[in-house]
Amino acid sequence: MGILSIIFIVAGLFFLIVAAIGVIRFPDVYSRSHAVSLTDSLGAFLMLVGIALHEGLSINMLKILVVLILLYILNPVIAHATVRAALRSGLKPWQKGDS
Amino acid sequence: MNIFLFCVMVSLTILIGAYLYRVLQGPTIFDRLLGHNGISTKAIILLIVMGIYFDRVDMFIDISIGYALLNLVGALAIAKYLEQKGHP
Amino acid sequence: MTLFVFWILLSASFDWIHLSLGLACSFAVAWLNSGHSPFAPKFRLWLRVSLYLPWLFYKIVQSSLHLSKLILHPALPIDPQMISVETKLNHHAAVVLLGNSITLTPGTITAEVDRNHLIVHAMDKVSKEDVTSKQMELKIADIFRDEKPDL
């Protein structure tokens with residue numbers, strides 16, 4: 001049980017680090033939001049599943065799964081709201097030819 | 001196991017620093033909002049890992065659920081406000 | 001009912017004072033909010049959605065591996081573009097599910113929804129293929145094939 005949860009947590013940490021690099025490297029709001037969504041979908045999933053495996057079968061594991069479901073429902077909503085606000089206020093997306 | 005969890009906590013904090021760079025530096029205000037969203041996701045995970053580390057998971061998970069819901073309301077309110085205001 | 005299960009899950013205490021308090025609270029909230037939303041999902045719909053979720057998760061893993069390859073590439077070979085998609089879904093919940101799935105998949109984000117007309121921001125050619133190939137939309141239309149259209 002310990003080894004499996006360590007593998008899951010390290011994989012999740014890898015995706016979180018990649019997403020942070022992406023947030024720093026990408027050129028504009030829209031592509032940065034892709035990086036944040038990478039964090040939310042796969043990084044948080046792997047981390048929380050690893051923690052739930054470490055915790056074992058109990059009420060806490062169910063609560064961790066509730067947190068996971070909440071993250072999965074709420075995070076697309078927030079990303080969509082941010083991108084829509086950016087689009088409606090007239091921010092132009094970065095094209096390939098720009099600097 | 002404890003040392004491993006401690007390393008995970010430290011690296012999560014460093015990642016929060018990376019997002020904080022985006023919040024402070026961001027060219028437009030939406031970058032700052034996005035950085036805030038990323039920081040709060042990291043904070044939820046960090047709270048749960050901290051709960052495992054201190055053996056008080058039952059308490060810290062409730063805090064993180066509340067944090068997730070508050071984060072939703074706050075981010076939605078800011079996004080709606082910026083949409084109404086309408087400047088880049 | 002669902003709220004009561006949620007209460008039990010959150011409070012994690014099983015003595016009868018807490019249980020009856022939770023029952024009263026969840027009934028009060030359900031009664032206050034009844035008649036607010038006309039859409040009540042049926043059981044077979046939940047079953048089909050839960051059959052759809054593993055496929056969505058496979059898609060998420062595939063595209064996030066692709067996106068992390070893009071991020072770690074030293075030359076940053078991205079080609080972001082806006083594409084507009086016209087869907088044939090005719091149910092509110094179906095459009096919501098489609099938009100959420102598109103946003104949850106890394107590489108594509110729903111930027112604007114107007115009835116069944118979506119504007120999607122895609123990262124490069126491969127992520128664009130995910131949306132324009134209509135695979136996801138066909139699956140969701142298959143889930144909602146028995147429902148009464150309300151859009």
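The values are calculated or read from the model by the stated rules, or taken from the named source; none is laboratory data. None of the values given here were measured: they were computed from a predicted structure. Here the Cβ positions follow ideal geometry from the backbone for every residue, glycine too, while neighbour counts run over all protein chains shown. Remember, those area values only see protein heavy atoms, side chains included, never the ligands or the DNA or RNA. Shrake-Rupley method; radii C 1.70, N 1.55, O 1.52, S 1.80 Å.
Brief remarks on what is shown
- Residue that is farthest from the other protein chains (Cβ to nearest Cβ) [pool: residues in the stretch A:28-57 that are of a type in the set (Val, Ile, Thr) and out of contact with any Leu (no Cβ under 7 Å at 6 or more places or on another chain)]: A:Val49
- Within the stretch C:116-130, residues that are in the same structural domain as C:Ser84 (by TED's automatic domain parsing) and closer than 17 Å to A:Ala79 by Cα reach partners that are of a type in the set (Gly, Ala, Ser) and assigned to a strand (DSSP E or B) with beta carbons closer than 9 Å, at six or more positions or on different chains, in the pairs C:Leu118/C:Ser84; C:Leu118/C:Ala111; C:Ile119/C:Ser84; C:Ile119/C:Ala111; C:Val120/C:Ser84; C:Val120/C:Ala111; C:His121/C:Ala111.
- Residue match in the stretch A:63-73 (condition: modelled with pLDDT of 80 or more and touching a strand residue (DSSP E or B) at 6+ places or on another chain (Cβ under 7 Å)): no
- Residue in the stretch B:20-38 that is in a helix (DSSP H, G or I), at pLDDT 85 or above, at the interface with chain A (Cβ under 7 Å from one of its Cβ atoms) and open to solvent by 30 Å² or more (accessible area, probe 1.4 Å) present: yes
- Of everything listed in (1) open to solvent by 20 Å² or more (accessible area, probe 1.4 Å); (2) touching a strand residue (DSSP E or B) at 6+ places or on another chain (Cβ under 9 Å); (3) in contact (Cβ under 8 Å) with a residue 24 or more places away in the chain, the single unmet condition for C:Val113 is (3).
- One residue alone among C:Leu76, C:Leu104, C:Leu89, C:Leu138 is buried (at least 18 other Cβ atoms within 10 Å of the Cβ), of a type in the set (A, V, I, L, M, F, W, C) and free of Cβ contacts under 8 Å to residues at least 60 places away in the same chain, and that residue is C:Leu104.
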